[in-house]
Every structure is written in C-alpha cells, then in structure tokens.
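**Student:** Got a structure here, written out as structure tokens. Questions coming.
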Amino acid sequence: MTSLFLWFISILGWYRIAIGVYIFIGWVPHWQGTTFHNGLAWIVEPFVGIFRKFIAPIGGMDFSPLVAMLVLDLFIRVLPQFWFSVVIGLPTIS
C-alpha cells in the first residue's frame, strides 16, 4: 500500500512538471498550437481550468496555471505527512 502511495506522489510530481512546461510553452508564441502543446493542454487544462474559474486574468496575464502548480506542490508536500502520521501511524518528520 505504501509503494502505491509513493507511486501516486511520483505521478503528481510529474504532473507538476507538466504544468511548468505548459506555462513555459505559453510564453513561446511559435510553440502554441503545435501537437505537443495541444497534447499537454489536454492533460493539464482539466486541473488548471478549476482555478481559471475563480482567478480572472490580471493585466492580460493568466495566473491560474501558476496557482494550480502551487496548490499541487502544497498537496505533494502535505499529503505524505498526513499519510505516514495518520494512516500508517508513524511519527511525522519535522
């Protein structure tokens, strides 16, 4: 069960990297609309879209992918603490 949990955390880490690449591609105009960009958008947009509903663009810049990445990073950092302390019963690492 623990190895499955660690595998899940690893997948979330790769998803965070995908959001970072998606943010970078958004700044490079000739990469937008490519097959790679569209495939990455298909993977990332369902999660980023949740934040896009609540965060309006500021000055023409969309900060929702950055907020989504920060929330995912927080989740990746807090979830193992919760898992090993509450579910398994090991002492937390401070």
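Every number in this text was worked out from the coordinates using simple rules, so none of it is lab data. Small disclaimer: the values here were computed from a predicted structure and weren't measured.
**Student:** Can you give the Rg to Rh ratio of segment 1-71, both from alpha-carbon atoms, with Rh computed by the Kirkwood formula?
**Tutor:** 1.04
**Student:** Output the 0 to 90 degree angle, nearest 10, between the alpha-carbon long axis of helix 35-52 and the longest principal axis computed from the alpha carbons of the chain.
**Tutor:** The two axes meet at around 70 degrees.
**Student:** For the chain, take the longest principal axis of its alpha carbons; what is the angle in degrees between that and the long axis of helix 2-27, to the nearest 10 within 0 to 90?
**Tutor:** Approximately 20 degrees, to the nearest ten.
**Student:** How far is helix 64-82 tilted, in degrees, relative to the longest principal axis of the Cα atoms in the chain, given as a value from 0 to 90 rounded to the nearest 10?
**Tutor:** 10
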